[in-house]
Amino acid sequence: MRVVNVELGARSYPIHIGAGILADPEILLSHIRGTQVALVTNEKVGPLYADRVIGLLGKHRVTRIELPDGEQFKDLETVRIIFDRLLQDGHSRTTTLIALGGGVVGDMTGFAAACYMRGVSFVQVPTTLLAQVDSSVGGKTGVNHPLGKNMIGAFHQPACVIADMDTLQTLPDRELSAGLAEVIKYGLIRDLEFFEWLESHVEGLVGRDPELLAEAVQRSCENKAAVVAADEREAGERALLNLGHTFGHAIETALHYEGWFHGEAVAAGMVMAADLSARMGWLEDADVDRITRILERARLPVEPPPGIGADRFRTLMARDKKAVDGALRLVLLRDIGQGVISDTFSEEQLMATLGQYA
């Protein structure tokens, strides 16, 4: 088992990474505070793993909450299902919530934990690659709104993260590739050596080699843990983790959170960010091609779905959380391995990128 620590003082916590670690009850039980537990999962993951996790909890009183599956259900109405069950079953301030599933389950469970009785403990048990390398780490929780993605939420760190590599073997191919988009992101924004490693091993990752996947998850979590430790609440450096996300969130919002996975939208968004970076003179065309190629090899889309239109795309991007006083800020690339938060691009350069892709 590999362990990566997120260093946040009193809120520090471990990320456990390995194959078969959900079979060890001590890892989970050491992070359960009281006698009550609420296991939150969805209708796809629950039948696969819920009984296994509940079996680790021994004499704890467990409420099993199964949510509908899909990004389109990541909203306040669905989170209310969690609150209703917690109240109906009399959960107290010492309860622990367990998020068993992908990023949608993790975000909603974390948000519910942040709000219930003004904050209770929760544990992340991510079962998708995207959740293991990104959404389960760092304490960002929240839900979507019809006018924008992740616009309602809170920072609330988990007690621990348990990333069992075995859960990736039941992951559909598209969802595995969607997770690789976030893995590749870390190489692009701050870790050239990791990006080059990914170029050499991307086919093995797509083929689900367990050692390669564990290495990719560990190195991704190390990168994210370092950024989160330096900037927990995204006052500066942490915004670099959003490479491709402003473009990607616009895609998701335009599609009403249906049809594309988050990682697929981010992949297309990273190509658009690379294109804009090249228009600013920071990347060479060969760099954009290199980025495009590795995403294609990971079986990811490299341009948005047709029909959004440049003007509509630009309107959706304006709602991004990184905008300050109405000025749009984007994560761009000065070089592969060197991300930067910038508002120095011109409107003409941005619209040229949107015109090419949207």
Quick count over the stretch 341-358, residues being of a type in the set (A, V, I, L, M, F, W, C), in contact (Cβ under 8 Å) with a residue 60 or more places away in the chain and either open to solvent by 30 Å² or more (accessible area, probe 1.4 Å) or in a strand (DSSP E or B) (or both), is 2
Report task. Scan the stretch 236-250 and give yes if some residue there is open to solvent by 10 Å² or more (accessible area, probe 1.4 Å), without any contact (Cβ under 8 Å) to a residue 12 or more places away in the chain and closer than 30 Å to Gly18 by Cβ, otherwise no. Result -> yes
Of the residues in the stretch 3-35 that are part of a loop (DSSP other than H, G, I, E, B), of a type outside the set (A, V, I, L, M, F, W, C) and open to solvent by 20 Å² or more (accessible area, probe 1.4 Å), the one that is modelled with the lowest pLDDT is Arg33
Within the stretch 236-280, the residues that are among the β-branched types (Val, Ile, Thr), farther than 14 Å from Gly103 by Cβ and modelled with pLDDT of 95 or more are Thr246, Ile251, Val271
Note on the stretch 55-75: residues part of a loop (DSSP other than H, G, I, E, B) and either farther than 30 Å from Gly148 by Cβ or aliphatic (A, V, I, L, M) (or both) are Leu57, Gly58, Lys59, His60
Scanning the stretch 284-314 residue by residue, those assigned to a loop (DSSP other than H, G, I, E, B) and either open to solvent by 30 Å² or more (accessible area, probe 1.4 Å) or touching a strand residue (DSSP E or B) at 6+ places or on another chain (Cβ under 6 Å) (or both) turn out to be Glu284, Arg299, Pro301, Glu303, Pro306, Gly307
In the stretch 125-140, anything out of contact with any Lys or Arg (no Cβ under 6 Å at 6 or more places or on another chain) and among the β-branched types (Val, Ile, Thr) is listed as Val125, Thr127, Thr128, Val133
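Matching residues to (1) farther than 13 Å from Val40 by Cα; (2) surrounded by fewer than 23 Cβ atoms within 10 Å (Cβ to Cβ); (3) in contact with a Pro (Cβ under 6 Å, 6 or more places away or on another chain); (4) of a type outside the set (S, T, N, Q):
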| residue | (1), (2), (3), (4) |
| --- | --- |
| Val105 | no, no, no, yes |
| Gly119 | yes, yes, no, yes |
| Gln124 | no, no, yes, no |
| Ser135 | yes, no, no, no |
| Val143 | yes, yes, no, yes |
| Gly148 | yes, yes, no, yes |
| Phe155 | yes, yes, no, yes |
query: Can you spot a residue in the stretch 60-69 that is out of contact with any helix residue (DSSP H, G or I) (no Cβ under 8 Å at 6 or more places or on another chain), open to solvent by less than 30 Å² (accessible area, probe 1.4 Å) and at pLDDT 95 or above?
result: no
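Return the residues of the stretch 36-54 that are assigned to a strand (DSSP E or B) and either within 21 Å of the chain's Cα centre (by Cα) or surrounded by fewer than 16 Cβ atoms within 10 Å (Cβ to Cβ) (or both); say none if nothing qualifies.
Scanning the stretch 36-54 gives Leu39, Val40, Thr41, Asn42.
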*Might you let me know whether the stretch 304-325 holds any residue that is under 18 Å from Ser177 (Cβ atoms), touching a residue at least 24 places away in the same chain (Cβ under 8 Å) and more than 20 Å from the chain's Cα centre (by Cα)?*
yes
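The values are calculated or read from the model by the stated rules, or taken from the named source; none is laboratory data. Since the model is a prediction, treat every value here as computed from it, not as a measurement. No Cβ is skipped: glycine too gets one built from the backbone with ideal geometry, and neighbour counts run over all protein chains shown. The protein model used for the area step is the full one, side chains on, heavy atoms only, and it has no ligands, DNA or RNA in it. Shrake-Rupley method; radii C 1.70, N 1.55, O 1.52, S 1.80 Å.
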